[in-house]
């Protein structure tokens, strides 16, 4: 187990917490992270692209000119692919781009990112976040106290806090979310992680 300092909203140490080495201190497998992010981004694609082939375009029912004697190349339809307005050869059709990712692989990706941020001192554990007034400037002050206000930061909560989500929306580069709704793509997109102690305990419960 790893003993790590826990800070308060003012940035001062208030206690320590034990972190599981098999979650926060593994050798990061960035290939697995890439595979999971690739699959998640593929799943974001709508897959609605569509082009008509020569059977679906309108017109072209008669032969544009006779087969022989014109000196021109023979043509069977003005909707053949070589004509403007003709059908598309091997054009896109609606399909799903989703790729399957095993739960064990996804958990290794999360562990890899948590371990990478922890090893590079880019993870801060805070006891709780409670604002006296639900204002953006108050939450911005908390980020300044933790010295993460100049980085792309994810604040990970154990439970939904809609008020905290609202006050964070106007702060560039800051994303507040519960760990159950965070994807590997969200995690890799942030430089700094701010986790509440409740979120750490939840991670250690889920990822074990």
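Rule-based calculations on the coordinates, nothing more; no lab input. Owing to the predicted nature of the structure, the values given are computational and were not obtained by experimental measurement. Cβ atoms come from the backbone with ideal geometry, glycine included; neighbour counts cover every protein chain shown.
With the condition kept exactly as written, say whether any residue in the range 47-62 is in contact (Cβ under 8 Å) with a residue 24 or more places away in the chain, touching a helix residue (DSSP H, G or I) at 6+ places or on another chain (Cβ under 9 Å), surrounded by fewer than 17 Cβ atoms within 10 Å (Cβ to Cβ) and not in a strand (DSSP E or B).
Checking the range 47-62: not a single residue is in contact (Cβ under 8 Å) with a residue 24 or more places away in the chain, touching a helix residue (DSSP H, G or I) at 6+ places or on another chain (Cβ under 9 Å), surrounded by fewer than 17 Cβ atoms within 10 Å (Cβ to Cβ) and not in a strand (DSSP E or B).
Considering only the range 183-198, state which residues are touching a helix residue (DSSP H, G or I) at 6+ places or on another chain (Cβ under 9 Å) and more than 19 Å from residue 148 (Cα to Cα).
183, 184, 185, listed by residue number.
Is it true that residue 145 is under 25 Å from residue 29 (Cβ atoms) and out of contact with any helix residue (DSSP H, G or I) (no Cβ under 7 Å at 6 or more places or on another chain)?
On the way: under 25 Å from residue 29 (Cβ atoms): no; out of contact with any helix residue (DSSP H, G or I) (no Cβ under 7 Å at 6 or more places or on another chain): yes.
So residue 145 fails the test.
Any residue in the range 118-135 that is buried (at least 16 other Cβ atoms within 10 Å of the Cβ) and assigned to a helix (DSSP H, G or I)?
Scanning the range 118-135 turns up at least one residue that is buried (at least 16 other Cβ atoms within 10 Å of the Cβ) and assigned to a helix (DSSP H, G or I).
May I ask you to say which residue of 104, 111 is exposed (fewer than 13 other Cβ atoms within 10 Å of the Cβ) and more than 19 Å from residue 5 (Cα to Cα)?
104
Would you point out which residue out of 127, 116 is out of contact with any helix residue (DSSP H, G or I) (no Cβ under 6 Å at 6 or more places or on another chain) and within 29 Å of residue 203 (Cα to Cα)?
That would be 116, the only listed residue that is out of contact with any helix residue (DSSP H, G or I) (no Cβ under 6 Å at 6 or more places or on another chain) and within 29 Å of residue 203 (Cα to Cα).
So residue 69 clears everything in (1) closer than 27 Å to residue 202 by Cβ; (2) surrounded by fewer than 12 Cβ atoms within 10 Å (Cβ to Cβ); (3) free of Cβ contacts under 8 Å to residues at least 60 places away in the same chain except one condition, right? Which one?
(1)
Any chance you could count how many residues in the range 148-182 are touching a helix residue (DSSP H, G or I) at 6+ places or on another chain (Cβ under 7 Å), part of a loop (DSSP other than H, G, I, E, B) and farther than 18 Å from residue 201 by Cα?
Final tally of qualifying residues: 3.
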